[in-house]
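Okay, structure first, notes after.
The values are calculated or read from the model by the stated rules, or taken from the named source; none is laboratory data. Only a predicted model underlies this, so the values are computations on that prediction, with no experimental measurement involved. Neighbour counts are summed over all protein chains in view; Cβ atoms, including those assigned to glycine, are modelled from backbone coordinates with ideal geometry.
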Amino acid sequence: MNAARAAGQRWTLADLIDFETVLIGVDNAALEHDRLIFNRDIRPVLPDGDERVRRRAGLRAWLDYRREADAIDTGDAWTQGLRLARLALFIGMALAGFALVAGLCAGTNVGVHVVLFFAVMLVFPWLVFALFLLVGAWGRGSSAWLEGSMRRIMARFTQGQDAQREQRFRLLRERLAESAVPRRALQAALARTLQIGAVGFNSGLVLAFVGSLLVFDVRFYWEATPQTSGVVASASRVVAAPWRDIWPEAVPTSAQIEASRAAYVDGSRRVPSTPQSTAAWWRFLLMSLLVWGLLPRLLLVVFYAWRERRALAALDFQSPGHRGLWRSLTRIERGAVAAPAADTALLLDVGGSGIAAASIRGFLLRALRVNPGEQARIGVLDEDAEASADAALAAGPDHVVLAVEDWGLAPRQVGALHARVRGAVGENTPMTWLVFAQDAQGPGAPDAAHLQRWTRFIDGLRDPATEIVAYDGGL
């Protein structure tokens, strides 16, 4: 468990996919058993403080426990499929780049049009990349591409019949789509895959170009009408700016550019063969392939890897499914022996229902492991009561319990009250909304429909340090 706790901050895509896969198949019977394991083995070793850290570590420890208990292969299937896809894409694109350059440069007395070479080998691939970014920014096309890529990668490696696999994939896709963070991580992983293919393509270009220079008599020329050697010279200097001072011989001079202009004699094109211009052009094109082709692709691979890690580090597990799982794992069972209360809670009576700390002390000790101390009313038309509540919040309570009747959900007012309390106590202080039904005998269990609306609203706040609990007089 200590290893899982230390790994709580290091989630991978395989971990996330396995986690969502387990969450798809988990049932109440399994959760009852897991809850015992969680409270016995996992909860005692969770770090104190930031609820985000506790939740990441706790859910990762639970995932490791379920991995030991069940045979889960979805994350491994994703990793294996993605790795093979990257290898195949790298090799295939390298061969394509090699063949493309070989087709232009191989042979004897071959003339290579410099502008055409640059446009096909460098400009066109970057236009494709710009189109890829445009589709990603559009959103819908990006989602369809993401879904199709996941389906193709996992289809071969996910076990099960076609119908079962399709159902499994659909549920997994829905789980991953609940939050933008998993989508960003998946998109970064697949974008990195495409850039690895681009690295292969540019590697093939470089290898084929160098090989052609070593084997064949490759000449370089350009042609344009009217006289535009000045434009070519200016464009060459701009392109060569990164290496101009390091390797000046790889920057064609105006004289060399003019000397490599194609000449037409009796209607036929004559490719010049000046050694100086040929040397300048192959150096220029080689450096262009390295600096403007291969190097940026390598940097993009690193960038997308960083973006994937950054997205996974931002996982807060605040989607409704994740919060529901955490709520189930951390719930105290009926009849459980209360542990010594470490925190003293400020009890806020929202709306002035008249609930007394003494009437719910036993429940708070067992369910939340907190001891109600100071009590105040909030959200009432009483300036003195509101001032007392603000003073109690400013004192920095260890825990805040907001007791509210089940029928009293007014989203705008409750949202404003939540923001007010959270602003007063800070982002890490635990806040628990205690929902109860008031009757003549005192607080009771809330109505199920009311509780569902409250749960949906509180989960929608996406506040890691805020939870909701239903009052249970028998606990």
- Query: Would you say Trp407 is modelled with pLDDT of 90 or more, part of a strand (DSSP E or B) and under 26 Å from Arg331 (Cα atoms)?
  - Reply: no
- Would you point out the residue of the range 13-32, among those that are in contact with a Lys or Arg (Cβ under 7 Å, 6 or more places away or on another chain) and of a type in the set (Val, Ile, Thr), that is modelled with the lowest pLDDT? Ile24
- Message: Which of the helices (runs of 4 or more DSSP H) found entirely inside the range 242-324 contain at least 1 residues meeting this: in contact (Cβ under 8 Å) with a residue 40 or more places away in the chain, farther than 29 Å from Arg192 by Cα and not hydrophobic (A, V, I, L, M, F, W, C)?
- Response: 275-288
- Query: Residue check, Ala416 against (1) surrounded by fewer than 13 Cβ atoms within 10 Å (Cβ to Cβ); (2) in contact (Cβ under 8 Å) with a residue 12 or more places away in the chain, all met but one. Which one?
  - Reply: (2)
- Query: Can you name the condition, by its number, that Gly49 falls short on among (1) within 23 Å of Trp326 (Cα to Cα); (2) in a helix (DSSP H, G or I)?
  - Reply: (2)
- May I ask you to list the residues in the range 264-303 that are among the aromatic types (Phe, Trp, Tyr) and at pLDDT 95 or above? Phe284, Trp292, Phe303
- Would you mind stating whether Arg377 is in a helix (DSSP H, G or I), buried (at least 16 other Cβ atoms within 10 Å of the Cβ) and charged (D, E, K, R)? no
- Message: Here is a list: Gly442, Gly423, Gly408. Which entry is under 20 Å from Leu364 (Cα atoms) and among the small types (Gly, Ala, Ser)?
- Response: Gly442
- Item | Unique match (being farther than 30 Å from Trp282 by Cα and modelled with pLDDT under 85) among Arg66, Arg10, Arg83, Arg54 | Arg10
- Message: Looking at the range 37-51, I want the residues that are closer than 18 Å to His399 by Cβ and have a partner that is of a type in the set (A, V, I, L, M) and surrounded by 13 or more Cβ atoms within 10 Å (Cβ to Cβ) with Cβ atoms under 6 Å, at least 6 apart or on another chain. Which pairs are those?
- Response: Leu46/Ala57; Pro47/Val53; Glu51/Ala465
- Give the residues of the range 201-223 that are within 25 Å of Ser254 (Cβ to Cβ) and either without any contact (Cβ under 8 Å) to a residue 24 or more places away in the chain or not in a loop (DSSP other than H, G, I, E, B) (or both), sorted by residue number. Phe209, Leu213, Val218, Arg219, Phe220, Tyr221, Trp222
